[in-house]
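The values are calculated or read from the model by the stated rules, or taken from the named source; none is laboratory data. All values reported here derive from a predicted model rather than from experimental measurement. Every residue, glycine among them, receives a Cβ derived from its backbone with ideal geometry; neighbour counts consider all protein chains shown. Calculation scope for accessible area: heavy atoms of the full protein, side chains included, ligands and nucleic acids excluded. Shrake-Rupley method; radii C 1.70, N 1.55, O 1.52, S 1.80 Å.
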Amino acid sequence: MRADRCEERASPGRHPWIVLLAGLAGAGMLAGGAALSAGPSVIDKSVAARLAKFQPTRIEADLSKLPKGERDALSKIIEASRSMSEIFLRQAWVENPGIRAELAAASDPLASLAMKYFQVSFGPWDRLDEAPFLGSARRPEGAGFYPPGMEKAELERWLQTHPDDAAPFKSLFTVIRRDGERLVAIPYSREYRQWLEPAAGQLREAARLTGNAALAGFLESRAAAFLTDDYYESDMKWMDLDSSIEVTIGPYETYEDRLFGYKASFTSFVTVQDAEASARLAGYKNELPAMERNLPIPDAHKNLSRGTESPIRVVDVIYTAGDTRAGVQTVAYNLPNDERVREAKGSKKVLLRNVMDAKLASILKPIAERVITPAQRPHVTAEAFFNEVLFHELSHGLGPGSINKNGMQTEVRLELKELYSALEEAKADVMGAYNILYLIEKKQFPETMRHDLYVTFLAGMFRGVRFGIEEAHGKGVALQYNYLSAKGAIVRDPQSGYFSVDFEKMGPALEAIVHDICMVQALGDYDAAAGMFHTYAKIPPEWKEGLDRLEGIPVDIRPIYPAAGESD
Ligand code: ZN
């Protein structure tokens, strides 16, 4: 799970949609034009405005204190990471390589903007509003994981008549393809061998270069997993990693698969750890069992046997690739997602400090200045923002995970299917706030944190909803806003249009929503989850004017990594 990797859908009509016709405009039609099945690859003129929503930002870290062996290892890991981008490009959409080749062959200025935005989006669709900026085909729900045009019902029917296929078909690490009349599951190690083999070799070279035995062990083991699709052992080793280089590379999140949420996307984070800052936060992991006990649900649904190792790492990013590089940039993540590893060892939270700092300065503060009532603006603080991100991540490790439904052992993820991600993200947001309140009660945070938490949380919703309500995080934000508003915890002054928090009502409202979401998860109740989204996951009318005030503030950053040789 990650914070801040949302692809949003803005309200339709906000961006004028001008399609250039080849021959009329002279530019915009790509040579060949055959890659997109729904017609020629026409470049939409809006591409410049779309690109402008992502502020180019240099993301770097001080590597001068690292020994030469570690710096050399980093270079190898960056090389391996480039393969993650190549694989993810194909996971996002099978025709992406062809589209990229068309763009590379075109020479006009519009095509070069489109190439830049294609690299932001990893495909012809804007990850903020889903609109195609190249051609007119709709984004397939199953991305590149399933045969083009395959509907959900077809795979469900196949599994009813071929029950033995359930495990490979629902596997995180297979793609589904057609073989004549049949559907077949092909392991990632075979489908993506062309990139996984060299990446494995580079990770092994990095393992030889580093002086850190735990890092070398993880890299060797992950290299092996690339070729066997068995990630369990390397996930376990990743949990034990404690080195100045903190690297996460492989198939992890399932957000890209909106058809079923089964398939994991390849990604990479190459970072350096601030060991001192990490140590300062380590005390929170001791609070995890108490936080689980404190959840507002019956004890029978609490997950009291979960591992509590849950290391916390504060890092600065020097390179990212694949899934996480697309669209909105990650500020923190909580991995692995494998419930077996989480039961045994908890999960590791990685906080991307230099990315968070960049977003606070260029996005969150300017947003608060325009939509929050002036008296409450001083409550938007860096400390509250950092803690909300941290406790969002900690909360992914709390609450129902492996559950018992109708006498069968199963997972919340499998029961809630494509609704799982959005509900889990909303859970992490509200449960994170709920847990900070708990630590205020326990005097681990000062009382002044309470109002800072509430107002920073509200400003964060405006930041988050600009990512759109079709993707997991954005949908979760709309759900929270509407729920908390219905409880009177968020109010808008009709005169000024400014939003504020009702400081008395917010605490009880947060407890109520944590309870409701956790119970849906504990029961693995798909219909209840669908009902919750139907009622609450809508853009509220009063937000329109608020969102209009944010025009000109970038939606997110577009990272430039000098350590990997990138420049503006
Ligand atoms: Zn999350």
task = Quickly run through the range 60-74 and pick out the residues that are small (G, A, S) and in contact (Cβ under 8 Å) with a residue 60 or more places away in the chain.
result = A61, G69, A73
query = Can you find a residue in the range 360-382 that is assigned by TED's automatic domain parsing to the domain that holds A426, surrounded by 17 or more Cβ atoms within 10 Å (Cβ to Cβ) and within 16 Å of the ligand (Cβ to nearest atom)?
reply = no
query = Residue check: is L335 surrounded by 23 or more Cβ atoms within 10 Å (Cβ to Cβ), touching a strand residue (DSSP E or B) at 6+ places or on another chain (Cβ under 8 Å) and at pLDDT below 95?
reply = yes
request  = Keeping to the range 229-271, report how many residues are charged (D, E, K, R) and over 20 Å from A80 (Cα atoms).
outcome  = 6
In the range 278-292, the residues that are aliphatic (A, V, I, L, M) and under 12 Å from I312 (Cβ atoms) = A279, L281, A282, L288
task = Give the residue, chosen from E205, E191, that is in contact with a helix residue (DSSP H, G or I) (Cβ under 8 Å, 6 or more places away or on another chain) and outside the structural domain of V270 (by TED's automatic domain parsing).
result = E205
query = Just to be sure, is V465 crowded, with 24+ Cβ neighbours inside 10 Å, away from the ligand (no atom under 13 Å from the Cβ) and within 22 Å of the chain's Cα centre (by Cα)?
reply = yes
request  = Go through the residues of the range 126-139 one by one and say whether even a single one is open to solvent by 20 Å² or more (accessible area, probe 1.4 Å), polar (S, T, N, Q) and either within 24 Å of F266 (Cα to Cα) or modelled with pLDDT of 95 or more (or both).
outcome  = no
inquiry  = On the basis of being touching a helix residue (DSSP H, G or I) at 6+ places or on another chain (Cβ under 8 Å), among the aromatic types (F, W, Y) and over 16 Å from F173 (Cβ atoms), does F218 make the cut?
reply    = yes
task = Evaluate the range 306-318: report whether one residue or more is away from the ligand (no atom under 16 Å from the Cβ), free of Cβ contacts under 8 Å to residues at least 24 places away in the same chain and not hydrophobic (A, V, I, L, M, F, W, C).
result = no
key: Any hit, the range 390-402, residues being open to solvent by 30 Å² or more (accessible area, probe 1.4 Å) and over 22 Å from S234 (Cβ atoms)   = no
ask   = Can you pull out the residues in the range 512-541 that are closer than 30 Å to S500 by Cβ, open to solvent by less than 60 Å² (accessible area, probe 1.4 Å) and among the charged types (D, E, K, R)?
value = D516
ask   = Identify, please: which residue in the range 542-562 is more than 23 Å from the chain's Cα centre (by Cα) and open to solvent by 30 Å² or more (accessible area, probe 1.4 Å) and is, among those, modelled with the highest pLDDT?
value = P562
remark   = Residue pairs within 9 Å by beta carbon, gap of at least six or interchain, first lying in the range 162-173 and among the acidic types (D, E), second surrounded by 12 or more Cβ atoms within 10 Å (Cβ to Cβ), listed first then second, are D165/W158; D165/L159; D165/L183; D165/V184; D165/A185
Unmet criterion (only one of (1) at pLDDT below 90; (2) buried (at least 22 other Cβ atoms within 10 Å of the Cβ)) for L458 = (1)
Single match in P296, P289 (criterion: open to solvent by 30 Å² or more (accessible area, probe 1.4 Å), at negative phi and either in the same structural domain as Y438 (by TED's automatic domain parsing) or of a type in the set (K, R) (or both)) = P289
task = Could you tell me whether I176 is open to solvent by 20 Å² or more (accessible area, probe 1.4 Å) and part of a strand (DSSP E or B)?
result = no
Residue check for A361: under 22 Å from G460 (Cα atoms), of a type in the set (G, A, S) and touching a strand residue (DSSP E or B) at 6+ places or on another chain (Cβ under 6 Å) = no
ask   = Out of all the residues in the range 529-540, which are part of a helix (DSSP H, G or I) and farther than 15 Å from S421 by Cα?
value = G531, H534, T535, Y536
Residue that is in contact (Cβ under 8 Å) with a residue 40 or more places away in the chain and in a helix (DSSP H, G or I), where the choices are E233, E246, E220, E205 = E205
